[in-house]
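First comes the structure, then the notes that go with it.
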Amino acid sequence: MLNPQLDADGKLKHLLTIEGLPKKILTQILDTAETFVGVAERDIKKVPLLRGKTVCNIFFENSTRTRTTFEIAAKRLSADVINLNVNTSSQSKGETILDTVDNLIAMHADMFVVRHGQSGAVHFIAQHVPDNISVINAGDGRHAHPTQGLLDVFTVRRYKPDMHNLRVALVGDVLHSRVARSEIHALTTLGVPEVRVIAPKTLLPAGVEKLGVQVFHDMKAGLKDADVVMMLRLQNERMSGALLPSAQEYFKTFGLTQEKLSYAKPDAIVMHPGPMNRGVEIDSSVADGSQSVILPQVTYGIAVRMAVMAILGGGA
Amino acid sequence: MKIHIKNGHLIDPKNNIDTKQDVYVAAGKIVGIGSAPKDFVANQTIDATDLIVAPGFVDLSARLREPGSEHKATLNSELLAAAAGGITSLACPPDTDPVLDEPGLVEMLKHRAKLLNLVHVYPLGALTRQLEGKLLTEMCELTEAGCVGFSQADVAITDTQVLWRAFEYAATFGYTIFLRAEDYYLAKDGVAHDGEIASRLGLKGIPAAAEGLAIASILRIAHETKTKVHLCRLSTAEGVDLVRQAKKQGVQVTADVSAQHCHLTDHDIGYFNAYANLKPPLRSARDRAALCQGLKDGTIDAICSDHTPVDDDAKLLPFAEAEAGATGLELLLPLALKWATDNKTSLFDAIAKITSQPASILAIDGGHLSLNANADIAIFNPKLEWKIDASQLKSQGKNTPFLGLTLLGKVQYTLLHGQITYQA
Amino acid sequence: MQLPDPETLLAEITAKVQAQLQPNTALVGIHSGGVWLMNRILDSIKQDIPHGMLDAAFYRDDYAQRGLKTEPKPSNIAFDVTDKHIILIDDIFYTGRTTRAAMNELFDYGRPASIQLAVLINRGGGELPITPDIVGAEILLKPNQNLQLSQDTKGKLHLTLEASDA
């Protein structure tokens with residue numbers, strides 16, 4: 001089966017998931033992002049690469065934050081940006097996902113940035129667009145959020161350049177997390193030898209160890225000697241019910257506090273994809289503490305998204 | 001009309017025939033095997049050289065979509081497809097709209113099918129009204145109207161007391177209950193086998209245990225109430241083991257597997273291929289191997305098409321939103337043959353799984369070519385390669401994970417009551 | 001064809017650059033050859049002059065046809081460009097398109113007082129109204145010829161000429 005993200009020459013055509021992308025392409029994206037970091041510090045924070053191109057942010061699931069970072073990235077590349085929040089209720093009135101996409105194709109958009117609540121929805125769209133349109137996955141269901149995974153490894157690489165000698169721990173709701181899946185694939189593809197997940201059994205998907213991670217159910221053991229601690233967001237609706245008894249108990253057992261962070265290496269960095277639930281998955285003193293790189297993640301997120309768009313937007 | 005089918009290789013598992021023999025048909029019946037009856041003069045001769053002559057196939061599950069979903073398929077389109085697939089008898093599940101829970105609806109369906117005169121249609125009545133799992137249907141009335149058994153289609157009965165009583169009531173009259181075993185709560189919102197693939201793709205999983213748990217309770221109740229039960233669409237190794245044990249213990253249980261599940265696993269979902277969205281979900285390679293072995297050792301009695309035509313509007317959607325199911329009537333034969341080849345068993349066995357065995361489960365007179373039996377016959381070329389191409393399928397549903405693949409075995413003639421209903 | 005010694009040419013353009021220096025001069029090298037030359041010039045003239053480097057990959061006019069270079073190098077202009085007399089340094093001057101891209105990028109950092117262009121070799125074939133101000137040597141080449149500057153591990157410069165069939 002051909003990888004739907006690559007063209008016949010093995011070049012990136014769409015960015016749908018990190019899984020299955022060669023290390024060479026991930027490194028190319030990260031290296032290119034490195035060159036975009038400086039652009040944001042200049043007087044004129046724009047380069048003319050995508051001048052005259054139209055980037056369309058299609059969000060079937062609302063997310064102002066992610067949409068904004070893609071919008072800034074596209075604008076810094078001089079693209080025109082259209083934002084479209086597809087109300088799910090208008091979908092239930094009869095317009096299908098393909099109707100929506102066909103309309104935007106007819107408007108001559110060049111690049112689609114898509115978020116959708118269903119796993120695989122962005123693959124589905126990528127299969128139906130004409131050849132000249134590139135599709136970027138901005139998060140589909142529980143499946144993938146590749147630009148987040150890339151910006152996370154970009155951040156790791158900036159603080160801990162020796163990727164081949166790292167111990168990374170992901171903490172929290174892996175079961176429902178597209179971010180976790182993309183982070184795991186990005187880390188393992190780039191050669192990080194030890195990736196751990198720490199969570200109660202109710203928040204881990206079946207066969208998670210087959211993704212190449214070690215499974216822990218205890219913070220003390222799981223964080224021991226970690227270089228990087230990646231926290232995952234716990235959705236409100238999952239804090240109490242049949243998956244977890246309460247947010248309080250979760251914070252007590254799996255929330256990241258200064259005390260639990262002390263199990264990791266003293267120079268370990270703490271990351272979070274945002275938005276954070278302070279006092280549920282992470283204590284404020286850690287989130288705002290000296291080991292936190294949560295805000296740099298946001299800054300790098302723009303450079304990484306610029307890099308992805310710049311690589312997809314060029315070439316005949 | 002008198003037909004002489006000559007030079008064919010006759011396979012009739014019910015009568016244990018597997019040899020080159022001519023077949024003679026007159027007045028809709030089989031009137032001679034091997035030698036013609038006295039004064040037989042054929043109006044038509046079918047040259048079956050290099051072809052297999054078998055009883056018309058019997059399919060345990062084909063959704064015809066009438067009444068209620070004529071935009072997906074019609075009785076006419078699907079019965080033509082069945083004839084093209086060599087199928088002469090089929091059972092249809094009750095999940096139509098309205099649900100087949102009233103005698104009038106069953107009579108109407110039987111009547112319409114009879115007018116078309118392409119395939120014998122045997123409806124399965126709803127076990128509970130509206131398939132809601134609360135109130136029993138009028139099983140005696142429904143049987144009188146033409147139902148050959150009772151089913152919940154894909155809807156589980158969660159109230160075990162209702163399940164128990166439905167079994168007791170059916171057992172009173174000796175009716176067979178057809179159930180697809182799946183625990184409602186463990187399967188809720190799930191769309192794929194709960195394993196590595198679902199975890200990678202971020203699809204909500206249905207654990208294999210959902211089938212095992214449901215089978216265990218169904219078998220226990222069937223055993224206590226002495227009810228004949230048929231387990232539809234086994235999908236797990238665990239399920240096969242449970243049925244094997246139950247058969248040893250003398251529970252009156254039979255089971256089938258869909259032709260799709262004999263060949264595919266959750267790996268075939270690939271990059272979210274909605275055609276591989278099936279009910280039950282495609283499971284692991286280990287499960288698939290156990291299903292094939294179960295068929296071979298007789299634990300699983302029959303292969304069915306589980307024919308479910310789905311229109312593009314319902315299929316061209318992200319994986320989890322797409323309607324489950326595959327079109328299958330025209331693929332039943334090649335997929336059954338492929339099972340036999342892949343598992344080093346005989347053509348005879350494959351034919352038994354789609355003729356005599358399902359006929360015996362439905363307790364219908366069909367699936368055999370005895371003297372004086374209905375001349376329902378499938379004549380096929382087991383070695384003919386053909387590519388599964390949407391434009392070539394007669395069914396209105398073009399949804400199959402086998403699209404684009406080449407399979408072996410194609411029907412050349414189908415006869416119902418001695419009339420040719422399909423000719424390639 | 002006998003190629004000139006790039007070390008000799010470097011000495012020549014170093015002298016010319018030195019002659020142009022004003023209080024507000026800054027040097028900007030274009031990756032990769034231009035940056036090597038700039039560093040050598042800075043070593044020779046031993047003055048503390050503001051300097052930086054440009055890649056210009058994001059400003060190239062062949063992006064739509066050829067896509068992004070697979071290994072772009074970061075631009076780094078750590079001084080305020082506004083009102084500086086800038087000397088852009090590149091190795092080989094050919095169509096002028098790289099210079100155009102570099103100037104565009106430079107203007108996104110600020111408004112320089114002036115820009116001059118210093119190159120080791122002008123190989124001819126300009127396609128834009130741009131001519132280098134400081135030139136080490138002029139060698140007219142055919143379109144199928146490719147002149148490349150390289151730097152060995154000891155920092156010594158070399159020129160190679162290749163011809164393609166196209």
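Summary of values
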read-out	value
Within 10 Å of each Cβ in A:206-217, the average number of Cβ atoms from other chains	3
Sequence-separation-based contact order of chain A, relative, with Cα cut under 8 Å and 6+ spacing, percent	19 percent
Burial ranking of peptide ranges A:199-210, C:88-99 (average Cβ count within 10 Å, highest at the top)	C:88-99, A:199-210
Distance histogram in 5 Å bins (all Cα pairs of the range B:10-131, percent per bin)	2, 10, 17, 18, 15, 11, 10, 9, 6, 3, 1
Residues in the range B:9-51 reached by a label modelled at residue B:371 [backbone nitrogen below 12 Å; 7 Å Cα→Cβ]	B:30-38
Karplus-derived 3J(HN,Hα), 6.51/-1.76/1.60, for each residue of the range B:248-263, Hz, glycine and proline x	4, 7, x, 5, 7, 10, 10, 8, 10, 9, 7, 4, 4, 6, 6, 10
Highest-first arrangement of A:145-152, B:102-109, where packing means the average Cβ count within 10 Å	A:145-152, B:102-109
Principal-axis tilt of helix B:285-296 within chain B, Cα atoms, nearest 10 degrees	40 degrees
Translational D in µm²/s for the range C:6-163 (Stokes-Einstein at 4 °C, 1.567 mPa s, Kirkwood Rh from C-alpha pairs)	81 µm²/s
Distance histogram in 10 Å bins (all Cα pairs of chain B, percent per bin)	5, 23, 33, 26, 10, 2, 0
Gyration tensor (Cα) of the range A:198-295, equivalent ellipsoid semi-axes in angstrom	20, 17, 12
For residues of B:316-326, the mean tally of beta carbons on other chains within 10 Å	5
Debye intensity ratio I(q)/I(0), log10, the range A:24-89, q values 0.11, 0.17, 0.20, 0.23 Å⁻¹ (C-alpha model)	-0.33, -0.72, -0.90, -1.03
Crossing angle, helix B:209-225 versus chain B [Cα axis fit, 0-90 degrees, rounded to tens]	70 degrees
Mean ellipticity per residue at 222 nm, deg cm²/dmol - from DSSP H runs of n ≥ 4 across chain A, formula -39500 (n - 2.57)	-11000 deg cm²/dmol
Pairwise FRET efficiency - residue A:288 versus residue A:83, Cβ, R0 = 41 Å, nearest 0.05	0.85
Nearby lysines by direct alpha-carbon distance to residue B:394 (threshold 16 angstrom, same-chain neighbours under 8 apart not counted)	B:72, B:410
Distant-in-sequence amide H partners of residue C:89 (H built 1.01 Å from N, under 5 Å)	C:28, C:29, C:30, C:118
Long-range HN-HN contacts of residue B:412 with modeled amide H, under 5 Å	B:379, B:380, B:381
Gyration tensor (alpha-carbon) shape descriptor, the range A:1-112, a/c threshold 1.5	oblate
Relative contact order for the range C:71-166, counting Cα pairs under 8 Å that sit 6 or more residues apart, in percent	24 percent
Reach of residue A:220 by Cα under 20 Å, taken over lysines that are not fewer than 8 positions away in the same chain	A:201, A:252, A:260, A:265
Hits among aspartates and glutamates - C-alpha to C-alpha of residue A:11 under 19 Å, sequence gap 8 or more where chains match	A:19, A:31, A:110, A:131, C:62, C:71
Greater than 20 Å apart at Cα, pairs in B:344/B:387; B:315/B:353; A:24/A:53; B:14/B:296	B:344/B:387; B:315/B:353; A:24/A:53
Kirkwood Rh in Å, taken over all unlike Cα pairs in the protein assembly as shown	32.1 Å
Lys pairs under 23 Å by Cα in the range B:107-262, provided they are eight or more residues apart or on distinct chains	8
Chain B, relative contact order in percent, only Cα pairs under 8 angstrom and at least six apart counted	20 percent
Chain A: angle of helix A:23-37 to the longest principal axis, Cα-based, in degrees nearest 10	80 degrees
Percentage of interatomic Cα-Cα distances in the range B:305-424 larger than 19 Å	56 percent
Test item: C:52-65 mean partner chain Cβ contacts at 10 Å	4
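Every read-out reported here was derived from the displayed coordinates using simple, explicitly stated rules and does not represent laboratory data. If you're wondering where the values come from, they're calculated on a predicted model, not measured in any experiment. As a convention, Cβ positions derive from the backbone with ideal geometry for all residues, glycine included, and neighbour counts pool all protein chains shown.
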